Amino acid sequence: MRSTTVGRKPCRASQWAKDALLDAAVARLLEPVVGRARDLLAQTTPCQALRTFLRELIDFQAAHHAINDQLGGLDLPDTTALRAELAAAMEEMAAGAQRDGEVRADLDAALVTTLIGHTALGVARARPPSPALVDAYLAVLLDGLGPRPSEQ
């Protein structure tokens, strides 16, 4: 059986080849998103990075959520690694914004990241796509995550 490498994963011409090809394709889509999150963290405050990145993430999810629906149960190590990097970058944004007093401190940064990830995907799936919905979501979410009066 012939062997080749797709992405970081060696594969044989068998049932795993499909997963490897899909993994490489999805990883290629995610790499610039993860890079953008890291760039924003380096270039601006964590809170501004979070505000900017959330809008971009929703746009990305709106364009690609159908692909995400097909990934369940597949062996996608590159995609999984990039998703973990993306979650870590978002958690770094949330934790930094908490340290700066811009995001409420009574919620764990990992919980904030999970909350954002799941709710943003729901907004991204809305049909037809609605910039007004995204604006309203971001306003409510970011206001709700703002520091409580006792924390100011």
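The values are calculated or read from the model by the stated rules, or taken from the named source; none is laboratory data. All values reported here derive from a predicted model rather than from experimental measurement. Cβ coordinates were reconstructed from backbone atoms using ideal geometry, including for glycine residues, and neighbour counts include every protein chain displayed. SASA here: full protein model, heavy atoms, side chains in, ligands and nucleic acids out. Shrake-Rupley method; radii C 1.70, N 1.55, O 1.52, S 1.80 Å.
From LEU133, LEU141, LEU82, grab the single residue that is surrounded by 15 or more Cβ atoms within 10 Å (Cβ to Cβ) and over 19 Å from ARG36 (Cβ atoms).
Only one candidate qualifies: LEU141.
Given the conditions (1) assigned to a helix (DSSP H, G or I); (2) under 20 Å from GLY144 (Cβ atoms); (3) hydrophobic (A, V, I, L, M, F, W, C), report the number of the one that VAL33 does not fulfil.
Exception for VAL33: condition (2).
Checking MET93 against (1) in contact with a Leu (Cβ under 9 Å, 6 or more places away or on another chain); (2) not in a helix (DSSP H, G or I), which test does it fail?
(2)
Quickly run through region 42-67 and pick out the residues that are open to solvent by less than 60 Å² (accessible area, probe 1.4 Å) and without any contact (Cβ under 8 Å) to a residue 24 or more places away in the chain.
Across region 42-67, the qualifying residues are THR44, THR52.
Which residues, taken from region 108-136, are among the hydrophobic types (A, V, I, L, M, F, W, C) and either more than 23 Å from THR44 (Cα to Cα) or touching a residue at least 24 places away in the same chain (Cβ under 8 Å) (or both)?
VAL112, ILE116, ALA120, LEU121, VAL123, ALA124, ALA126, ALA132, LEU133, VAL134, ALA136, listed by residue number.
Confirm whether LEU107 is at pLDDT below 90, outside any helix (DSSP H, G or I) and either in contact with a Leu (Cβ under 9 Å, 6 or more places away or on another chain) or among the small types (Gly, Ala, Ser) (or both).
So LEU107 fails the test.
I'm trying to understand the selection: among the residues of region 85-113, which are open to solvent by 70 Å² or more (accessible area, probe 1.4 Å) and closer than 30 Å to LYS18 by Cα?
GLU85
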